[in-house]
Amino acid sequence: MRTAVAAIGVLGLAVALTWWTGTAQAQKTDGKQNQRTQICTLKVSGMTCGGCAAAVKMAANKVDGVKDAKASLEKGTAEVTYDPSKTNPEAIANAITKNTGFKAEAPKKDNKR
Ligand SMILES: [Cu+2]
């Protein structure tokens, strides 16, 4: 009798543990999905002053799906935070090039894991 009770206890614990682990994993996955933005660094050539950087930043911010953009005149880059379900580094780079005339290039291997 005691063995049976103990067995049920162990079984219950195992079930509870499985459930808990499953829940924890589900939450982890959800957390990942909720974190919807990615950051890419685009190479931007031709910026010569703060106005250029501001124009690049504005052009990147206008792209649908872009959450935030910073342009660095010194480094010749634009750091763009975007929603990967709405846009991608190539599209952002193309929009920058089209709207500002500065050649923007998306990183070749960034964010592809
Ligand atoms: Cu300028």
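Per-structure values
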quantity	calculated
All positions within the stretch 32-53 that are out of contact with any Lys or Arg (no Cβ under 9 Å at 6 or more places or on another chain), away from the ligand (no atom under 16 Å from the Cβ) and modelled with pLDDT of 95 or more	38, 39, 40, 42
Options 75, 62, 98, 57: the member that is surrounded by fewer than 14 Cβ atoms within 10 Å (Cβ to Cβ), within 16 Å of the ligand (Cβ to nearest atom) and modelled with pLDDT of 75 or more	75
The stretch 42-61 residues that are without any contact (Cβ under 8 Å) to a residue 40 or more places away in the chain, paired with ones that are surrounded by fewer than 21 Cβ atoms within 10 Å (Cβ to Cβ) and assigned to a helix (DSSP H, G or I) (beta carbon under 8 Å, 6 or more apart)	60/95
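The values are calculated or read from the model by the stated rules, or taken from the named source; none is laboratory data. Not measured: the values here are computed from a predicted model. Because the Cβ atoms are built from the backbone with ideal geometry, glycine has one as well, and the counts that use them run over all protein chains shown.
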